[in-house]
Amino acid sequence: MALLEVCDLSIHFGNVRAVQNVSFSVEQGVVYSVIGPNGAGKTTLFNLITGIYRPTAGAIRLDGQDIQGSSPDALARRGVARTFQNLQVWMNMSAIENVMVGAHLRLDRSMFKAMLRLPALRNRDRALREEAAELMRFVGLGGYVEARADSMPYGALKRLEIARALAMQPRMIFLDEPAAGLNPKETQDVDALVRRIAASGITVVLVEHDMKMVMNLSDRILVLDYGKRLAEGTGPEVRQNPEVIAAYLGGHA
């Protein structure tokens, strides 16, 4: 059984059919990429799967169970994490505090305990901070553990957001254009990070415009065009697909 199954998924905004009858499945432990021209419906598809939008039609299943209509918080508790195209970082907090926020669904904290500052709670806070620092080292931000987020460069902030998502201890992480706006060295860092995430056993679903990165990383690729599924396959299969070449790769296989 596939970890994620999407069946005939559609959403309409008035007369705009943003996603139309899209179906695919994602196996456990793979890197699965979604590509397509601007406006193809990639982020909308992510928003449907991760509970931000409700579909007009279709089904979404995780481990064979229907998750359509589940809230982002409910999906997070089931092991689904997400990053966004635009940074969602708290700039008035430290880098490590941003990562610690990602673990909030795993905390057992009542207002009464917080007021009393029970030893068990203090110990949990220390353990959480150590875990967040380790995640920062994992994403290559060990030198920013004590930094304020507003002092960090853009490329580091992109990886900080990934660290926060990983703090949720997900089984599946959706990365929406993690290399957008990055220079070649920063893009290489993100490429290497996605490889480490996948090697750790977390399933990665990726939207990305950097075709070199997509082709190097992906086990399978879904191509969207005008909200419809245009093709699906391995990197070589997608690169050689005439419809993909015409619609997206600019005529260059």
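Laboratory data are not the source of any read-out in this text; all were calculated from the coordinates shown. Only a predicted model underlies this, so the values are computations on that prediction, with no experimental measurement involved. Cβ coordinates were reconstructed from backbone atoms using ideal geometry, including for glycine residues, and neighbour counts include every protein chain displayed.
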Name the residues whose placed amide hydrogens come within less than 5 Å of the amide hydrogen of SER94, ignoring near sequence neighbours (fewer than 5 apart) on the same chain.
ALA149
With only alpha-carbon atoms counted, please give the Rg and Dmax of the range 118-253, in Å.
18.0, 64
Proxy exposure order for ILE67, ILE35, ILE96 (fewest C-beta within 10 Å first) is ILE67, ILE96, ILE35
Remind me, relative contact order of the chain in percent, using alpha carbon pairs under 8 angstrom and six or more residues apart?
27 percent
Which of ASP210, ASP219 comes first, and how do the rest follow, when ranked by fewest Cβ neighbours within 10 Å?
ASP219, ASP210
Only four residue types carry charge here, +1 at the Cβ of Lys and Arg and -1 at the Cβ of Asp and Glu. Report the dipole size of the chain about the Cα centre in Debye, rounded to the nearest 20.
740 debye
For the range 1-54, compute Rg over Rh where Rg is the Cα radius of gyration and Rh is the Kirkwood radius from the inverse mean 1/r over Cα pairs.
0.97
Sorted by mean Cβ packing within 10 Å, highest first, what order do the peptides 42-53, 185-196 take?
42-53, 185-196
Hydropathy at least -1.0 by Kyte-Doolittle, axial extent at least 15 angstrom from the Cα trace: which helices of the chain, defined as entire DSSP H runs, fit?
119-138, 154-166, 184-199
Let me know the volume per residue of the alpha-carbon convex hull for the chain, in Å³.
139 Å³
Specify the inter-centroid distance of the range 33-61 and the range 123-174, based on alpha-carbon positions, in whole Å.
27 Å
Beta bridge orientation in the chain: antiparallel %, DSSP, nearest 5:
55 percent
